[in-house]
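Heads up, the thing below is written out as C-alpha cells.
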Amino acid sequence: MLISGAALLLLTVAAEAQLRFYGRGREPIIHNIPYDGRFTFVRVKYETAPGGYWAGGRPSWVHGYPLAERNLMKIMNEVSYLHAYDDDINVLSLDDPELFKYPIAYIIEVGWWTLTDPEAVALRAFLTKGGFLIVDDFKMKGWRGLDSGGWEPFETNVKRVLPGAQIVDLDESHPIFHSFFEINSLTNFPQAYNSGQPIFRGVFENNDPTRRLMIMVNYNTDISQYWEWSGRGFRPFDETNEAYKLGVNYLIYGMTH
C-alpha cells in the first residue's frame, strides 16, 4: 500500500507539473512579470523549425526552462549584489517591444531557430542599441538521426540580422572571460551531449574585436544543461561550477559593456 501510495503521489505530481508547464500543448504557460528596473532574466521564444520538438511536443526554445536560469540567477545573487529576480523568468519574442527594457537576452537550441523579417529587424535594433545576446546549446546536424539542426541555420539568421557580420572564435584572453571570475582556460568546460571540446564564438560591433561583443555563442556544447542539472546531482560539483562561472561572466559583461 505504501508503494502504491508513493507511486500515485509521483504520478499526481508529474501530471500537475505537465499541466502547469505544458497545459497549452506544445508551449509552456508563461507568466512574465512587469519591468520595474530590477534585473530579470529574459529567454527568447521563437517558432521552432521541423525536427526541433522534444518529448511531449516541447519546442526547442523551451529546453531547460525555467529551472536552468532560475538556478543561474540564484548563483548570481549569492556571489554579487545584483539582487535579481531568481524565481521569475520572462519569455519574450524578438519583436516584442518589451525586449528593449532588458539589457540581456538568452536564446537556446538555435539549430531550429526560425526568424521572421520583423524579428530580424527588432534583434538588429536591440543589438545595435547596446543589447547583448547569449546563444547556447547546439546539437550537431544528424543528432539522433535528425536531418536538421546544426550550425548553418544559426549562421544564416545572424547574417539576416547583421548583414556582413563575422562570427569569430574567441580565446581565453577576451575580457568576457575575466569580467568576474578569472577563466584562464577554455578546456575545462564539460560536455552534456556532444563530443570534442566546446567552441566559444562571438560577433563584435562593426566586426571590430576591440569593440563591444554583441553576441556570445557557446558552440558544440550546452552550458545551461549544467545549470539545470545542478540541483539534481547528475554531475560533479566541479563541472557544474565551471558552467556557472561562464554564466556569471556573461551576465556581468552584458551589463557593463
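The values are calculated or read from the model by the stated rules, or taken from the named source; none is laboratory data. Because the structure is a prediction, the values reported are computed rather than measured. Every residue, glycine among them, receives a Cβ derived from its backbone with ideal geometry; neighbour counts consider all protein chains shown. What goes into the accessible areas is simple: the full protein's heavy atoms, side chains included, and nothing from ligands, DNA or RNA. Shrake-Rupley method; radii C 1.70, N 1.55, O 1.52, S 1.80 Å.
Is it true that residue 128 is open to solvent by 20 Å² or more (accessible area, probe 1.4 Å), under 27 Å from residue 84 (Cβ atoms) and either touching a residue at least 24 places away in the same chain (Cβ under 8 Å) or among the hydroxyl-bearing types (Ser, Thr, Tyr) (or both)?
Details: open to solvent by 20 Å² or more (accessible area, probe 1.4 Å): yes; under 27 Å from residue 84 (Cβ atoms): yes; either touching a residue at least 24 places away in the same chain (Cβ under 8 Å) or among the hydroxyl-bearing types (Ser, Thr, Tyr) (or both): yes.
Spelling it out, residue 128 is indeed open to solvent by 20 Å² or more (accessible area, probe 1.4 Å), under 27 Å from residue 84 (Cβ atoms) and either touching a residue at least 24 places away in the same chain (Cβ under 8 Å) or among the hydroxyl-bearing types (Ser, Thr, Tyr) (or both).
The lone criterion from (1) farther than 27 Å from residue 241 by Cα; (2) part of a loop (DSSP other than H, G, I, E, B); (3) touching a Leu at 6+ places or on another chain (Cβ under 8 Å) left unmet by residue 39 is number (1). Filtered by the rule that a residue be surrounded by 23 or more Cβ atoms within 10 Å (Cβ to Cβ), modelled with pLDDT of 95 or more and closer than 16 Å to residue 187 by Cβ, the stretch 221-257 gives a lone residue, 246. Total residues in the stretch 65-117 satisfying the condition of being open to solvent by 50 Å² or more (accessible area, probe 1.4 Å), touching a helix residue (DSSP H, G or I) at 6+ places or on another chain (Cβ under 8 Å) and of a type in the set (Phe, Trp, Tyr): the figure is 1.
When residues of the stretch 200-216 are filtered for being among the β-branched types (Val, Ile, Thr) and over 12 Å from residue 166 (Cβ atoms), how many remain? Number of matching residues: 1. Residue count for the stretch 175-185, restricted to those that are open to solvent by 20 Å² or more (accessible area, probe 1.4 Å) and not hydroxyl-bearing (Ser, Thr, Tyr): 6. Considering only residues in the stretch 200-220 that are surrounded by fewer than 22 Cβ atoms within 10 Å (Cβ to Cβ) and aromatic (Phe, Trp, Tyr), the one that is modelled with the lowest pLDDT turns out to be 219. Listed by first and then second residue, the pairs linking a residue in the stretch 105-124 that is over 20 Å from residue 139 (Cα atoms) and of a type in the set (Val, Ile, Thr) to a residue that is open to solvent by 50 Å² or more (accessible area, probe 1.4 Å) and not in a strand (DSSP E or B), with Cβ atoms under 8 Å apart and 6 or more places separating them unless they lie on different chains, are 116/47; 116/95; 121/95.
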